[in-house]
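Student: Here it is, the structure, as structure tokens.
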Amino acid sequence: MIYLDNSATTRPYSEVIDTFKQVSEKFYGNPSSIHRFGNEAERLLIKAKQQASNLLEVSENEIVFTSGGTEGNNTAIKGIAFAHQNRGKHIITSQIEHPSVLETCKALENIGYIVTYLPVNSHGVVSVEDVEAAITKETILISIMHVNNELGSIQPIEAIGSIAKKHPKLFFHVDHVQGFGKIPLKLQDSGIDMCTVSGHKINGLKGTGLLYIKKKTKLFPLLHGGNQEIGYRSGTENLAGIVSLVKAIRLNLEKQNSDCEKLIQLNKELRKCLETIKGIVINTPTNGAHHILNFSIPGYKPEVIIHALGEKGIYISTKSACSSKQPDKSTILAACGLSDEVSKSALRVSLSFENNLDDIDKFCTSLDTVIKQLSEVMG
Amino acid sequence: MDYDHIIVRYGELALKGRNRKIFTNKLHENVARKLKDHAKIKIKKTRDRMYIILNGEDPNPIIDKCKVIFGIQSLSVAIKVENDPDKIKESALFALREAEKVKTFKITAKRVDKNFPIGSQEFNHVVGGYILSSTTGYTVDVHNPDIELHIEIRNEATYITSKRILGAGGLPVGSSGKTLLLLSGGIDSPVAGYLAMKRGVQIEAIHFHSPPYTSDRAKQKVFDLAEKLTNYGDKIKIHVVPFTKLQQKIHRDIPYGYSMTVMRRMMMKISEQIARNEGILSLTTGESLGQVASQTMESMHAINEVTNYPIIRPLITMDKTEIMHISENINAYEISIRPYEDCCTVFVPASPKTKPKTDKVVYFESNYDYQEEIEEAIKNKETVEITQENNMENEFIDLL
């Protein structure tokens, strides 16, 4: 099997699964229980949080463990919207956000919030000037993703962060689900107030994730109850999931340090191969993230290509897995101003540190063969 | 060419006359321990400063670690070259180009080596002129430059630096002896320990534990606080003293309003005894005048009466907000506010005497004998050594 759909989800590292198993077996006490066994679990929770805060270079009380990207994005956006509605009801986001951001914003529109969906340029990048121009006295939140899940375009988070700093009354949330562990993003002193990370995109387990919440940021929690996670997220902590997440983060950041060059090399090779195949249009800008490559084969239905490659044990995707069940063209590519033909026939290859050059070669050869076969049938 | 040195400037220890060597040796020891994971570096100490020779290591993490070491006034990354005007000019140009967001500069040369052929003033012009003629976009501004390039022409070599990073000040930990810190788990005592360390004092800690009234969590909290303090010095030995029996006896024997005062006196007696056994010459507490009932002038007088040992009280005149500010800076605050009972809060009467009379306390105590319980508590103490590494259990390391 050649797995090239790592932006949909990744293979959990075996170390991560080991951790999950061990913690489930040995530390099943409730961290809130006051007896010694609960205390053990609580100590492990504290250590996990310390380790996570060291790895992310933030402080311990700024990390809230969640169930993943969707929860993180919902907590951040609804949390700010509900807690600060007296200040204003205006939210700024982009047209190319993940559904867990876009749909949350749309839901808020239904109950009286006003949302500006900023356009992107042909490279899939939001303009910093647009962000600044969209800010009004009513604005309480800017939510912009770091790396786009379909296209791999990188948003100017640092610059938007400096704008956000100049407006102390609004908050800035970054969906970092696709970028974490691949494209570095500094949180401390960045103007970022909240940042979403998901476990299963970084070789962790489904149902794990974290939300960075800068000190003194007031949120209305999605989940009320026993005030776990500094009151931001009630519910008995998923300790095994949490500890396994922190391990996945550590392993991923280590890989980011050691294997970043390798990923860039794979991306180069992939681009080079695809450029030699007739009829392929590469959609991801050259300055995009090196683990995501989006391309189109105008005239071919992407599902057909996916299935044909699937028969050979090669897995890639159309658009993003989260929206691929919705028919028709990619709204994200359309937002970049790409033609209908291109938007309808888009495919995505997404890499992880586990892929190698051989995977790329086999994929390209197979794709070439598939296209040739299909063109015979269709011709 | 690259920045290949870090210059470490001594704090006030540079003023210490004949004892200076004690201080510089201690500082050298502390810096070497803090940087032991950086295998390639070499540390060279001289009379008035220290050099860290990088040998290719990234200076930034090293500077971050050195910033918390007491006894360091300031740090700078430096380029070392021979005392050769051309080489110095090249290096100054490199340093300027390395700096980001810089448009104006100033050269400040200092000639210690009087054999160097060009005087300081003249050399400023020579280097400045060379930089202006080899670049575009830079101008000289002697009053308000974006960057000031320091060129120090010393006898052995020349050092070019551009930025001074402020150190932690104070004296090297271990150069002023050792103290026994009464560490409760609250906000104040870790800050008191930190400030004592700032004046070069090495810390041992004593903690009073009253199971089952206080939990393992309360004990762990104290270990975690001590771990934060190890960041500023060496490992910390903690004596955990079982205090339940004594507390129960006091609770039984002593009139309600005075039990807190007597309890504090017992703590002092035990602390003094342990300090004596360990060869420690002082006690340190987090007391702040007037903060709580046990920290009024009358209370301190009554409590202090049981010991002749000097008691260091670094927080005595500080406001709570100032203390909290330091607590946050040393990353202790988040631990201190974990909500577990400590031994002081368990048996505290609802309204302890804020103005206990010393003679009355002595009288109440004189009806009973606590010596046996005191000795038993000391005998049964548990001693733990906290280092930055061992506070995380091995099984946790594997998991994380």
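Student: Would you work out the relative contact order for the stretch A:69-216, in percent, from Cα pairs under 8 angstrom that are 6 or more residues apart?
Tutor: 23 percent
Student: Further question: Note the full-extension length gain between residue A:55 and residue A:133 as 0.36 nm times their separation in residues minus their Cα-Cα distance, in nm to one decimal.
Tutor: 24.6 nm
Student: Further question on the same structure: Provide Rg over Rh for the stretch A:68-173; use the alpha carbon set for both Rg and the Kirkwood Rh (inverse mean inverse pair distance).
Tutor: Value, to two decimals: 0.93.
Student: Could you tell me how far the Cα centroid of the stretch B:16-31 sits from the Cα centroid of the stretch A:12-48, in Å?
Tutor: Measuring centre to centre over Cα atoms gives 45 Å.
Student: If you find the alpha carbon centre of the stretch A:285-322 and of the stretch B:130-156, how far apart are they in angstrom?
Tutor: 54 Å
Student: Percent relative contact order of chain B, based on C-alpha pairs within less than 8 angstrom and at least six residues apart?
Tutor: Once divided by the residue count of chain B, the mean separation gives 16 percent.
Student: Shifting gears a bit: Debye sum, Cα scatterers, chain B, no solvent: what log₁₀ I/I(0) at q = 0.09 1/Å?
Tutor: Log-scaled intensity ratios, in q order: -0.66.
Student: Next up: Could you list which residues have their amide H under 5 Å from that of residue A:191, counting only those 5 or more apart in sequence or on another chain, with H placed in the peptide plane?
Tutor: HN-HN under 5 Å from residue A:191: empty list.
Student: Distance between Cα centroids, the stretch A:336-379 to the stretch A:203-252: provide it in whole Å.
Tutor: 37 Å
Student: Still on this model: Are there trypsin sites (Lys or Arg not before Pro) in the stretch B:106-156 that DSSP puts in a loop and that have at most 10 other Cβ atoms within 10 Å, and which ones?
Tutor: Hits after loop and neighbour filter: B:114.
Student: Contour minus end-to-end for residue B:382 and residue B:21, with contour as 0.36 nm per residue of separation and end-to-end as the Cα-Cα distance?
Tutor: 126.3 nm
Student: Another question about this same structure. Separation between the residue B:2 and residue B:301 pseudo-spin-labels, each 7 Å from Cα along Cα→Cβ, expressed in nm?
Tutor: About 6.5 nm separates the two model spin labels.
Student: Hey, another quick one. Given a Förster radius of 60 Å and the C-beta distance between residue B:248 and residue B:9 as r, what FRET efficiency does 1/(1 + (r/R0)^6) yield to the nearest 0.05?
Tutor: FRET efficiency, residue B:248 to residue B:9: 0.65.
Student: Given a 1.4 Å probe and every protein chain left where it sits, what share in percent of the accessible area of chain A is carbon and sulfur?
Tutor: In chain A, the share of accessible area belonging to carbon and sulfur is 52 percent.
Student: Would you list the P(r) distribution for the stretch A:221-332, with all Cα-Cα distances sorted into 5 Å bins from 0 and each bin expressed as a whole %?
Tutor: Histogram of Cα-Cα distances, whole percents per bin: 2, 8, 12, 14, 14, 12, 12, 11, 7, 5, 2, 0.
Student: In chain B, if the dipole is taken from +1 on Lys/Arg beta carbons and -1 on Asp/Glu beta carbons about the Cα centre, which of B:63, B:105, B:274 is farthest to the positive end?
Tutor: B:105
Student: Give A:215/B:353; A:49/B:245; A:106/A:329; A:137/B:106; A:186/B:40; B:40/B:219 a once-over and call out the pairs whose C-alpha atoms are over 32 Å from each other.
Tutor: Violating the 32 Å Cα-Cα cut-off are A:215/B:353; A:49/B:245; A:137/B:106; B:40/B:219.
Student: For the stretch A:1-152, calculate the relative contact order in percent as a whole number, restricting contacts to Cα pairs under 8 Å that are 6 or more residues apart.
Tutor: 19 percent
Student: Between residue B:82 and residue B:168, how high is the FRET efficiency from 1/(1 + (r/R0)^6) when r is the Cβ-Cβ distance and R₀ = 25 Å? Nearest 0.05.
Tutor: Step by step, r from the Cβ atoms, then E = 0.15.
Student: Once you treat every alpha carbon in the protein assembly as shown as an equal point and sum by Debye, what is log10 I(q)/I(0) at q = 0.06, 0.07, 0.08 Å⁻¹?
Tutor: So the normalised log intensities work out to -0.52, -0.69, -0.87.
Student: How large are Rg and Dmax for chain A when calculated on the C-alpha trace, in angstrom?
Tutor: 21.3, 73
Student: Can I ask one more? Give me the 1.4 Å probe accessible area per residue for the stretch A:204-336, excluding ligands and nucleic acids, in Å². Provide the component values of the computation, followed by the final result.
Tutor: Details: 6200 Å² over 133 residues.
Here the per-residue accessible area is 47 Å².
Student: In nm, to one decimal, how far is the modelled label at residue B:368 from the one at residue B:113, with both set 7 Å along Cα→Cβ?
Tutor: It works out to 7.5 nm between the two label points.
Student: Set the Förster distance to 30 Å, then compute FRET efficiency between residue A:369 and residue A:265 from the Cβ-Cβ distance, nearest 0.05.
Tutor: Efficiency computed from Cβ-Cβ geometry: 0.80.
Student: May I pose another question? Would you kindly state how much longer the chain becomes between residue A:218 and residue A:33 on full extension, computed as 0.36 nm times their sequence separation minus their alpha carbon distance, in nm to one decimal?
Tutor: Between residue A:218 and residue A:33, full extension yields 63.9 nm more.
Student: If you take the accessible area of B alone, add that of A alone, and subtract the area of the pair, what total do you get in Å², probe 1.4 Å, to the nearest 100?
Tutor: Approximately 1900 Å², summed over both chains.
Student: Measuring from label point to label point, each 7 Å out along Cα→Cβ, what is the residue B:58 to residue A:22 span in nm?
Tutor: Between residue B:58 and residue A:22, the label points sit 2.8 nm apart.
The values are calculated or read from the model by the stated rules, or taken from the named source; none is laboratory data. As the structure is a computational prediction, the values presented were derived from the model and not from experiment. For neighbour counting, all protein chains shown are included, and Cβ atoms are generated from backbone atoms with ideal geometry for every residue, glycine included. When the accessible area is computed, the model is the full protein with side chains, heavy atoms only, and any ligands, DNA or RNA have been set aside. Shrake-Rupley method; radii C 1.70, N 1.55, O 1.52, S 1.80 Å.
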